[in-house]
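Some notes on the structure that comes next.
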There are 2 protein chains.
Amino acid sequence: MAELSETTGIPVPTIKYYIREGLVSPGRPTGRNQAEYGEEHARRLRLVRALTEYGNLSIAVIRDLMEQIDNPGLQEFMLLGAAQKTVTRRQEARPGPSKEEAQRRLDDLLERRGWKGLTEEPAYRTAVGVLATLDEVGYHDMIDELDGYADAAQRAAETDLRVLGPDVSDRERAVEIVVVGTSMGDTLIASLRRLAQVAIAERMYAGQGGSDAE
Amino acid sequence: MAELSETTGIPVPTIKYYIREGLVSPGRPTGRNQAEYGEEHARRLRLVRALTEYGNLSIAVIRDLMEQIDNPGLQEFMLLGAAQKTVTRRQEARPGPSKEEAQRRLDDLLERRGWKGLTEEPAYRTAVGVLATLDEVGYHDMIDELDGYADAAQRAAETDLRVLGPDVSDRERAVEIVVVGTSMGDTLIASLRRLAQVAIAERMYAGQGGSDAE
C-alpha cells in the first residue's frame with residue numbers, strides 16, 4: 001500500500017478510507033499486513049480522488065457510479081443514464097402555477113429542439129425546479145433567455161460526445177468517460193463561464209464609470 | 001412572521017434560521033413578539049431560499065453575497081467580481097508538471113479568445129485545477145476539446161449579459177441578477193447539458209445494440 005501511495009501521490013489513510021467505503025477494491029492478500037495492488041488499483045484511486053475533489057459528488061453517489069462501471073451487464077443504451085446520476089441537485093419543484101408554467105416552458109424547448117422522451121430523466125425534474133424557482137423570485141428575463149442556455153448546453157453536450165467518440169464498445173471506459181466528463185465538466189464549464197463573463201463585461205461596460213487602470 | 005410565512009410559502013422555522021444566520025434582516029419590532037415585515041423581506045426570503053436550494057452555495061457564501069447586494073458603495077466594474085464568489089469549488093491544483101501544463105493550456109485559450117487580465121480571478125485557479133486533474137487521471141481527450149467547452153461557456157456568458165442588459169446603473173438589481181443568474185444558471189446549464197447528452201447520444205448510437213422500444 002505504501003508503494004501504491006507513492007505511485008499515485010495519494011496518502012495511505014485516504015486509500016484506506018476509499019477501500020473501507022467500498023470505492024476501491026482491497027488488494028490481493030499476499031501475507032499478514034501485505035497485499036498486492038495492480039495498475040487497475042492505481043487507475044481507480046486516481047479516478048475516485050478526481051471525483052471527490054472536482055466532481056462535487058458525495059461518497060454514496062461515487063460508490064453507486066463505481067458499481068455501474070464494474071457492472072458487466074450494463075447496456076450501451078443505458079450508458080448516458082449513468083451521467084444522470086451526477087446531477088448534484090435533484091430537488092422537486094413545489095406544486096403550483098410556477099411549476100406548471102416551468103414545465104410548459106421546458107416542454108416547448110424540448111419540442112423545438114427535437115429532444116424526445118426525456119420527461120422521465122432526473123435532469124428534467126431539476127430543470128423544471130430551477131425554472132419554477134426563477135419564476136417565483138421574479139427572474140423572468142432569465143427564463144426568456146432559456147434558448148441561449150440551451151444553446152450553451154447543446155454545445156457542451158456535443159463536445160462531450162466528441163470526447164466519448166463514436167465507438168462505445170469498451171463499456172467500462174465509456175461509462176467512466178461519461179461520469180468523469182460530466183461531473184468534472186460542470187466545474188470546468190462553470191469556471192470558464194465566469195472568466196467569459198468578466199472578459200465580455202469589460203468590453204461591454206468599458207467607460208461606464210470606474211477607473212480603467214489598464 | 002406567520003403572515004410572511006404564508007405569503008412566501010416558507011416555514012416559520014426556516015425564516016427564523018435565515019434571520020439568525022444574518023441572511024435576512026429582522027423585521028421592525030412593533031411590540032412584544034411582534035414585528036413588521038415589508039415586501040422587501042418577502043423578496044429577500046425567496047431569493048435566499050432559491051440560492052440554498054438550487055444555487056449549490058453554502059450559507060457562508062450566501063451571507064457574503066447578500067452583503068455585496070446590500071453594499072451601496074459597490075462599483076460597476078466590481079459587478080462581475082460578485083459572480084466569482086459563486087465558484088463552488090475553489091481547490092488549488094497541486095504543484096507539479098500537470099499544473100504547469102494546465103496553466104499553459106488555459107493561457108493559450110485565453111490568448112486565442114482575447115480574454116485578458118484574468119489570471120488573478122478565482123475561476124482561473126479553479127479551471128487550472130480541473131485541467132490539471134484531468135491530466136493526472138489521463139483524460140487528455142477532454143483537455144484537447146477545451147475549445148468546445150469554452151464555446152459553450154462563452155455562449156452561456158453572452159446569454160448572462162443579455163439577461164443583465166446594457167444598463168447597470170441600478171447596481172443593487174445588477175449585482176443580484178449576476179449572483180442569482182450565475183449560481184442558479186450553473187444548475188440550469190448542467191441539467192440541460194444532461195438532457196442534450198441523452199438526446200444527441202440516442203441519435204448517435206441508435207442501432208449499436210440494445211433494444212429500441214420507441
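Tabulated values for the structure
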{"item": "Considering residues of segment A:1-32 that are in a loop (DSSP other than H, G, I, E, B) and touching a His at 6+ places or on another chain (Cβ under 7 Å) only, the residue modelled with the highest pLDDT", "result": "A:Val24"}
{"item": "Odd one out for B:Ala132, checked against (1) more than 7 Å from every other protein chain (Cβ to nearest Cβ); (2) surrounded by fewer than 23 Cβ atoms within 10 Å (Cβ to Cβ); (3) assigned to a helix (DSSP H, G or I)", "result": "(2)"}
{"item": "In segment B:77-102, residue modelled with the lowest pLDDT [restricted to those that are over 21 Å from the mean Cα position of the chain (by Cα) and open to solvent by 70 Å² or more (accessible area, probe 1.4 Å)]", "result": "B:Arg94"}
{"item": "Residue among A:Ser183, A:Ser191 that is within 23 Å of the chain's Cα centre (by Cα), in a helix (DSSP H, G or I), within 24 Å of B:Glu121 (Cα to Cα) and more than 9 Å from chain B (Cβ to nearest Cβ)", "result": "A:Ser183"}
{"item": "Filter pass, A:Glu40 being within 30 Å of B:Met204 (Cβ to Cβ) and open to solvent by 40 Å² or more (accessible area, probe 1.4 Å)", "result": "yes"}
{"item": "Search result, residues across segment B:153-172 that are open to solvent by 20 Å² or more (accessible area, probe 1.4 Å) and not in a helix (DSSP H, G or I)", "result": "B:Pro166, B:Asp167, B:Ser169, B:Asp170"}
{"item": "In segment A:145-169, the residues that are at the interface with chain B (Cβ under 7 Å from one of its Cβ atoms), more than 14 Å from A:Gly181 (Cβ to Cβ) and either charged (D, E, K, R) or in contact with a His (Cβ under 6 Å, 6 or more places away or on another chain) (or both)", "result": "A:Glu145, A:Asp151, A:Arg155"}
{"item": "Selection status of B:Leu74, farther than 30 Å from B:Ala132 by Cα and at pLDDT 85 or above", "result": "no"}
{"item": "Any hit, segment A:173-180, residues being open to solvent by 10 Å² or more (accessible area, probe 1.4 Å), over 20 Å from A:Leu109 (Cβ atoms), more than 8 Å from every other protein chain (Cβ to nearest Cβ) and free of Cβ contacts under 8 Å to residues at least 24 places away in the same chain", "result": "yes"}
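For (1) outside any helix (DSSP H, G or I); (2) of a type in the set (A, V, I, L, M, F, W, C); (3) more than 7 Å from chain A (Cβ to nearest Cβ), each residue gets a yes or a no:
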{"residue": "B:Asp107", "(1), (2), (3)": "no, no, yes"}
{"residue": "B:Glu111", "(1), (2), (3)": "no, no, yes"}
{"residue": "B:Trp115", "(1), (2), (3)": "yes, yes, no"}
{"residue": "B:Ala123", "(1), (2), (3)": "no, yes, no"}
{"residue": "B:Thr126", "(1), (2), (3)": "no, no, no"}
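The values are calculated or read from the model by the stated rules, or taken from the named source; none is laboratory data. No experiment lies behind these values; they were computed from the predicted model shown. Positions of Cβ are generated from backbone atoms using ideal geometry, with glycine treated the same way; all protein chains shown enter the neighbour counts. Areas reflect the complete protein model, heavy atoms only, side chains present, ligands, DNA and RNA absent. Shrake-Rupley method; radii C 1.70, N 1.55, O 1.52, S 1.80 Å.
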